[in-house]
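Some notes on the structure that comes next.
The values are calculated or read from the model by the stated rules, or taken from the named source; none is laboratory data. Only a predicted model underlies this, so the values are computations on that prediction, with no experimental measurement involved. Note that each Cβ is placed from the backbone with ideal geometry, even for glycine, and that neighbours are counted across all protein chains shown.
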Amino acid sequence: MSRRVAAGRQPHDDRTTEVFRALVEPRRRAILRLVGDSELAAGEIADAFDITRPAISQHLTVLKDVGLLIERREGTRRLYRASPERIAELRAVLDELWGDALGKARRLVEGELESDLEEAM
(Lines give C-alpha, C1' and ligand atoms only; values in the text may rest on other atoms or scores of the structure.)
Protein backbone atom coordinates (compact mmCIF):
# COMPACT_ATOMS: atom_id res chain seq x y z
CA MET A 1 0.00 0.00 0.00
CA SER A 2 1.45 3.32 -1.08
CA ARG A 3 0.85 6.55 0.81
CA ARG A 4 1.35 9.98 -0.63
CA VAL A 5 2.99 12.42 1.73
CA ALA A 6 3.25 16.17 1.28
CA ALA A 7 6.73 17.29 0.23
CA GLY A 8 9.10 17.27 3.18
CA ARG A 9 6.51 15.78 5.56
CA GLN A 10 6.34 12.35 7.09
CA PRO A 11 3.07 10.48 7.55
CA HIS A 12 3.42 10.95 11.32
CA ASP A 13 2.41 14.06 13.21
CA ASP A 14 4.71 16.70 14.66
CA ARG A 15 4.06 15.36 18.16
CA THR A 16 5.63 12.04 17.18
CA THR A 17 8.68 13.93 15.94
CA GLU A 18 8.91 15.64 19.32
CA VAL A 19 8.72 12.24 21.05
CA PHE A 20 11.66 10.98 19.00
CA ARG A 21 13.63 14.14 19.81
CA ALA A 22 12.92 13.64 23.51
CA LEU A 23 14.12 10.03 23.33
CA VAL A 24 17.47 10.93 21.80
CA GLU A 25 18.73 11.62 25.33
CA PRO A 26 19.76 8.28 26.93
CA ARG A 27 18.74 9.36 30.45
CA ARG A 28 15.20 9.98 29.28
CA ARG A 29 15.01 6.48 27.87
CA ALA A 30 16.35 5.19 31.19
CA ILE A 31 13.70 7.16 33.07
CA LEU A 32 10.99 5.58 30.92
CA ARG A 33 12.36 2.14 31.72
CA LEU A 34 12.27 2.98 35.44
CA VAL A 35 8.63 4.07 35.38
CA GLY A 36 7.45 1.57 32.79
CA ASP A 37 6.06 -0.87 35.34
CA SER A 38 5.56 1.23 38.43
CA GLU A 39 4.92 4.75 39.61
CA LEU A 40 7.92 6.47 41.20
CA ALA A 41 8.43 9.74 43.03
CA ALA A 42 10.70 12.31 41.43
CA GLY A 43 13.24 11.79 44.22
CA GLU A 44 13.31 8.04 43.64
CA ILE A 45 13.94 8.63 39.95
CA ALA A 46 16.68 11.15 40.75
CA ASP A 47 18.37 8.67 43.11
CA ALA A 48 18.94 6.32 40.17
CA PHE A 49 21.20 8.85 38.40
CA ASP A 50 24.47 10.63 39.09
CA ILE A 51 23.19 14.02 37.98
CA THR A 52 21.53 16.87 39.85
CA ARG A 53 17.88 16.82 40.81
CA PRO A 54 17.21 19.95 38.71
CA ALA A 55 18.63 18.10 35.70
CA ILE A 56 16.32 15.15 36.38
CA SER A 57 13.44 17.58 36.77
CA GLN A 58 14.19 18.97 33.31
CA HIS A 59 14.22 15.48 31.82
CA LEU A 60 10.90 14.69 33.53
CA THR A 61 9.40 17.89 32.15
CA VAL A 62 10.48 17.06 28.61
CA LEU A 63 9.01 13.56 28.85
CA LYS A 64 5.81 14.91 30.38
CA ASP A 65 5.48 17.64 27.73
CA VAL A 66 5.59 15.08 24.89
CA GLY A 67 3.06 12.91 26.69
CA LEU A 68 5.30 9.97 27.61
CA LEU A 69 4.97 10.53 31.36
CA ILE A 70 1.92 11.03 33.51
CA GLU A 71 2.42 13.10 36.66
CA ARG A 72 0.28 12.67 39.75
CA ARG A 73 0.54 14.75 42.90
CA GLU A 74 0.21 13.17 46.29
CA GLY A 75 0.61 15.84 48.92
CA THR A 76 3.96 17.47 48.22
CA ARG A 77 5.25 14.53 46.20
CA ARG A 78 5.12 14.24 42.43
CA LEU A 79 4.72 10.71 41.17
CA TYR A 80 5.49 9.66 37.62
CA ARG A 81 4.57 6.72 35.47
CA ALA A 82 4.81 5.98 31.77
CA SER A 83 1.74 6.81 29.70
CA PRO A 84 0.54 3.47 28.32
CA GLU A 85 -1.49 5.18 25.60
CA ARG A 86 1.41 7.29 24.33
CA ILE A 87 3.82 4.35 24.53
CA ALA A 88 1.34 2.29 22.48
CA GLU A 89 1.15 5.08 19.88
CA LEU A 90 4.94 5.19 19.70
CA ARG A 91 5.11 1.44 19.34
CA ALA A 92 2.62 1.55 16.47
CA VAL A 93 4.76 4.13 14.67
CA LEU A 94 7.88 2.01 15.18
CA ASP A 95 6.08 -1.16 14.08
CA GLU A 96 5.00 0.64 10.91
CA LEU A 97 8.52 1.89 10.24
CA TRP A 98 10.02 -1.56 10.83
CA GLY A 99 7.33 -3.19 8.74
CA ASP A 100 8.06 -0.87 5.83
CA ALA A 101 11.83 -1.41 6.16
CA LEU A 102 11.50 -5.19 6.43
CA GLY A 103 9.18 -5.25 3.44
CA LYS A 104 11.70 -3.30 1.35
CA ALA A 105 14.52 -5.59 2.48
CA ARG A 106 12.45 -8.65 1.59
CA ARG A 107 11.71 -7.28 -1.89
CA LEU A 108 15.37 -6.44 -2.37
CA VAL A 109 16.52 -9.92 -1.36
CA GLU A 110 13.83 -11.61 -3.43
CA GLY A 111 14.77 -9.43 -6.40
CA GLU A 112 18.45 -10.37 -6.02
CA LEU A 113 17.55 -14.05 -5.74
CA GLU A 114 15.45 -13.84 -8.89
CA SER A 115 18.26 -12.12 -10.81
CA ASP A 116 20.77 -14.73 -9.55
CA LEU A 117 18.46 -17.50 -10.77
CA GLU A 118 18.04 -15.81 -14.16
CA GLU A 119 21.83 -15.48 -14.52
CA ALA A 120 22.31 -19.14 -13.59
CA MET A 121 19.97 -20.31 -16.34
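Quick notes on this structure:
- Residue in the range 47-86 that is farthest from Thr16 (Cα to Cα), counting only those that are crowded, with 17+ Cβ neighbours inside 10 Å and among the hydroxyl-bearing types (Ser, Thr, Tyr): Tyr80
- All positions within the range 77-95 that are free of Cβ contacts under 8 Å to residues at least 60 places away in the same chain and farther than 11 Å from Ala42 by Cα: Ala82, Ser83, Pro84, Glu85, Ile87, Ala88, Arg91, Ala92, Leu94, Asp95
- Any hit, the range 71-80, residues being closer than 16 Å to Glu25 by Cα and of a type outside the set (A, V, I, L, M): no
Here is a yes/no grid of residues against (1) at pLDDT below 90; (2) of a type in the set (A, V, I, L, M); (3) over 13 Å from the mean Cα position of the chain (by Cα); (4) at positive phi:
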site	(1), (2), (3), (4)
Ser57	no, no, yes, no
Leu63	no, yes, no, no
Val66	no, yes, no, no
Arg72	no, no, yes, no
Arg78	no, no, yes, no
Ser83	no, no, no, no
Arg86	no, no, no, no
Leu94	yes, yes, no, no
Gly99	yes, no, yes, no
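- Candidates are the residues of the range 28-42 that are outside any helix (DSSP H, G or I) and either over 13 Å from Tyr80 (Cβ atoms) or acidic (Asp, Glu) (or both); the one that is modelled with the lowest pLDDT is Asp37.
- Residue, farthest from Arg29 (Cα to Cα), within the range 48-70, restricted to residues that are touching a Leu at 6+ places or on another chain (Cβ under 8 Å) and not in a helix (DSSP H, G or I): Ala48
- Unique match (being over 20 Å from Asp13 (Cβ atoms), aliphatic (A, V, I, L, M) and part of a helix (DSSP H, G or I)) among Ile45, Ile87: Ile45
- Scanning the range 32-46 for residues that are surrounded by 15 or more Cβ atoms within 10 Å (Cβ to Cβ) and touching a residue at least 40 places away in the same chain (Cβ under 8 Å) gives Leu32, Val35, Leu40.
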